[in-house]
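Worksheet: the structure to be examined is printed underneath.
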């Protein structure tokens, strides 16, 4: 999400500086809608690793832990974001702010490279 006034790295200018863009919330450009499993697999492959083992945590277990841990209780409230597709349409933001999404594979590679550079 881009809030009016945040710097965009690709253009070196302030997003939302133009008239008519300072109100509201703008979404960052989206190049691909994928599941968490697909994203984790893309990260693993980009790092030269085998696909990760991804499995859901039962909601009843999260509710039980949430009785004692506020952060988990809040996660339960957001559970619908993990059980149904969440598709973001950033086309209005893209058009208004004149932004384009980074290609998915490029974004994954850059993220993995940055992580590995920091891990050394």
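May I ask you to list the residues in region 45-58 that are outside any loop (DSSP other than H, G, I, E, B) and more than 30 Å from residue 26 (Cα to Cα)? Talk me through it step by step, then tell me what you get.
Just the residues of region 45-58 that are outside any loop (DSSP other than H, G, I, E, B), to begin with: 45-46.
Answer for region 45-58, where residues must be outside any loop (DSSP other than H, G, I, E, B) and more than 30 Å from residue 26 (Cα to Cα): just 45.
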Counting only residues that are more than 18 Å from the chain's Cα centre (by Cα) and either modelled with pLDDT of 85 or more or in a loop (DSSP other than H, G, I, E, B) (or both), region 13-36 contains a total of 10
Taking residue 56 and the conditions (1) over 20 Å from residue 90 (Cα atoms); (2) at pLDDT 85 or above, which numbered condition does it fall short on, given that it satisfies the others?
(2)
In region 75-86, residues that are at pLDDT 80 or above and under 13 Å from the mean Cα position of the chain (by Cα) total 0
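Do the conditions hold for residue 39, that is, is it modelled with pLDDT of 80 or more, under 29 Å from residue 113 (Cβ atoms) and surrounded by 11 or more Cβ atoms within 10 Å (Cβ to Cβ)? Full working, then the answer.
On the way: modelled with pLDDT of 80 or more: yes; under 29 Å from residue 113 (Cβ atoms): yes; surrounded by 11 or more Cβ atoms within 10 Å (Cβ to Cβ): yes.
Yes; evaluated as a whole, the condition is true for this residue.
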Could you name every one of the helices (runs of 4 or more DSSP H) located completely within region 59-112 that has at least 3 residues being loosely packed, with under 11 Cβ neighbours inside 10 Å?
70-77
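The values are calculated or read from the model by the stated rules, or taken from the named source; none is laboratory data. Remember, predicted model here, so these are calculated numbers, not experimental data. Cβ coordinates were reconstructed from backbone atoms using ideal geometry, including for glycine residues, and neighbour counts include every protein chain displayed.
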